[in-house]
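S.K.: Next up is a structure, given as structure tokens.
The values are calculated or read from the model by the stated rules, or taken from the named source; none is laboratory data. Computed from a predicted structure; not experimentally measured. Cβ: placed from backbone, ideal geometry, glycine included. Neighbour counts: every protein chain shown. For the accessible areas, the whole protein counts, side chains as well, though only heavy atoms, and no ligand, DNA or RNA atoms are used. Shrake-Rupley method; radii C 1.70, N 1.55, O 1.52, S 1.80 Å.
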Amino acid sequence: MPMTLDIDLLRTFHAVVRLGQFRAAATQINRSPAAVSVHIQRLETVVGGKLFERDNQAVELTPLGQKLLASTAVLLKTHDKILGDLQADALTGHIKLGVPDEYAAHVIGDILPVFSALCPGVELEVSTAPSLKLKQQVERNRLHLALTVQPVRHDHPATSPIAITLPVWVSGSEVDLEPDEPVPLALHASHCPYRDAMTTALTAAGRRWKTILSSPSARAVEACVEAGLAVSLIDRSRITARMRQVSGLPPIGAHEVLIARAASTDALPAVDALATAISQHFKL
């Protein structure tokens with residue numbers, strides 16, 4: 001009997017890749033860590049090799065795992081589209097979605113078109129703001145859903161992170177920081193967790209700093225870094241060819257990307273569908 005790729009196993013695999021941890025993936029897909037391990041083992045049996053290298057902190061894809069990830073992304077998207085076409089015809093409504101500026105291009109360009117094709121009867125209204133403001137707007141029922149970022153809290157772990165990232169310090173490709181000089185910073189908007197993480201870590205380490213740029217625009221922050229004018233904190237996946245990672249600055253802890261949802265939307269299927277689409281297709 002020929003081997004087949006089980007969609008549930010692939011869903012688990014993609015969740016582990018996206019979150020970088022078996023435990024976090026288990027929380028997101030509502031299974032136990034043991035069940036996630038079993039899923040990965042079964043998938044490794046099917047594909048004939050090891051998919052992850054693991055340590056106590058995170059997982060890293062093997063070459064076979066990288067090949068499976070690239071080969072099955074379209075498969076999962078097609079599977080979800082077929083189900084969506086069959087199930088989503090009756091979904092209607094108006095959803096207000098909030099997204100941090102640094103993720104807006106990805107969400108708007110890659111995820112929302114897929115959702116709109118599946119749910120043409122749902123109207124979307126998108127706004128961008130820093131994470132803390134978005135969270136407050138959700139709590140006040142001014143937004144139905146919002147993508148937010150916060151430091152990972154091990155004492156009170158989030159119930160459903162959709163991604164985990166370890167932000168890194170970056171500078172222009174030819175910039176050297178002088179240890180006795182204030183660190184020039186390109187700061188994200190007020191109420192952005194990365195802004196707070198930068199200034200708090202430097203102050204705690206006794207490093208002086210000065211503001212070169214303060215902007216709500218992620219692209220403006222990146223341009224300032226690329227120009228060699230300042231250093232900043234960004235997701236590792238956002239490092240460009242004109243940037244390099246900076247060593248010698250205080251380490252920053254892991255952050256998690258969450259979907260915040262207004263309590264008033266608990267019985268709204270269209271909001272369920274959008275939250276699922278973002279959770280399944282979001283990538284750092």
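S.K.: Which of rounded, prolate or oblate describes the stretch 86-138 when judged by the alpha-carbon gyration tensor and an a/c cut-off of 1.5?
M.R.: Oblate.
S.K.: Can I ask one more? Could you do me a favour and compute the accessible area per residue for the chain, 1.4 Å probe, result in Å²?
M.R.: 52 Å²
S.K.: When the Kirkwood radius is taken over all Cα pairs of the stretch 90-177, what Stokes-Einstein diffusion coefficient follows at 25 °C and 0.890 mPa s, in µm²/s? The partial results should precede the final answer.
M.R.: Values: Rh = 15.3 Å.
This corresponds to a translational diffusion coefficient of 161 µm²/s.
S.K.: Note down the magnitude of the dipole of the chain about its Cα centre, charges +1 on Lys and Arg C-beta and -1 on Asp and Glu C-beta and zero elsewhere, to the nearest 20 debye.
M.R.: Values: 27 positive and 28 negative charges, 45 e Å.
Using Cβ point charges on Lys, Arg, Asp and Glu, the chain gives about 220 debye.
S.K.: Hey, another quick one. Using just the helices of the chain, give the 222 nm mean residue ellipticity in deg cm²/dmol: DSSP H runs with n ≥ 4 each add -39,500 (n - 2.57), and the total is spread over all residues, rounded to 500. Please list the in-between numbers first.
M.R.: Numbers: 10 runs with 117 residues, N = 284.
Calculated from helices alone, the mean residue ellipticity at 222 nm is -12500 deg cm²/dmol.
S.K.: Tell me whether the chain comes out rounded, prolate or oblate; compute the Cα gyration tensor, take square roots of the eigenvalues as a ≥ b ≥ c, and use a/c under 1.5 as the rounded threshold. Numbers along the way, then the final one.
M.R.: On the way: a/c = 2.03, a/b = 1.35, b/c = 1.51.
Oblate, because a/c is 1.5 or more while a/b does not exceed b/c.
S.K.: Just to be sure I understand: with springs between alpha-carbon atoms less than 10 Å apart, which residue in I82, I239, I95 has the highest mean-square fluctuation in the Gaussian network model of the chain?
M.R.: Its mean-square fluctuation being the largest, the pick is I82.
S.K.: Still on this structure: How many Å³ per residue does the convex hull of the Cα positions in the stretch 151-284 occupy?
M.R.: On the way: hull volume 16.4 nm³, N = 134.
Taking only Cα atoms, the stretch 151-284 has a hull volume of 123 Å³ per residue.
S.K.: Next question, about the same structure. Taking 0.36 nm per intervening residue step and subtracting the Cα-Cα distance, what contour gain separates R207 from S237 on full extension?
M.R.: Values: separation 30, 0.36 × 30 = 10.80 nm, distance 2.62 nm.
Computed gain between R207 and S237 is 8.2 nm.
S.K.: Related question: Can you pull the percent of the stretch 124-268's accessible area that's carbon plus sulfur, 1.4 Å probe, other chains left in place? Mind showing how you got there, number by number?
M.R.: Details: 3720 of 7320 Å².
In the stretch 124-268, the share of accessible area belonging to carbon and sulfur is 51 percent.
S.K.: Still on this structure: Using the Karplus equation 6.51 cos²θ - 1.76 cosθ + 1.60 (θ = phi - 60°), what ³J(HN,Hα) coupling, rounded to whole Hz, does each residue of the stretch 129-142 give in order, writing x for Gly and Pro?
M.R.: Going residue by residue, I get 5, x, 4, 4, 5, 4, 4, 5, 5, 5, 4, 8, 6, 8 Hz, with x marking Gly and Pro.
S.K.: Take T45 and A105, extend 7 Å from each Cα along the Cα→Cβ direction, and tell me the distance between the two endpoints in nm.
M.R.: 4.4 nm
S.K.: Next up: So if each residue of separation counts as 0.36 nm, and I subtract the Cα-Cα distance between H191 and L166, what length gain in nm does that give? Numbers along the way, then the final one.
M.R.: Numbers: separation 25, 0.36 × 25 = 9.00 nm, distance 1.88 nm.
Going from the current span to full extension adds 7.1 nm.
S.K.: Right, here's the next one. So if we plug the beta-carbon distance of R142 and A58 into 1/(1 + (r/R0)^6) with R0 = 51 Å, what FRET efficiency do we get, rounded to 0.05? Please report the intermediate quantities before stating the final value.
M.R.: Values: r = 36 Å, r/R0 = 0.70.
FRET efficiency, R142 to A58: 0.90.
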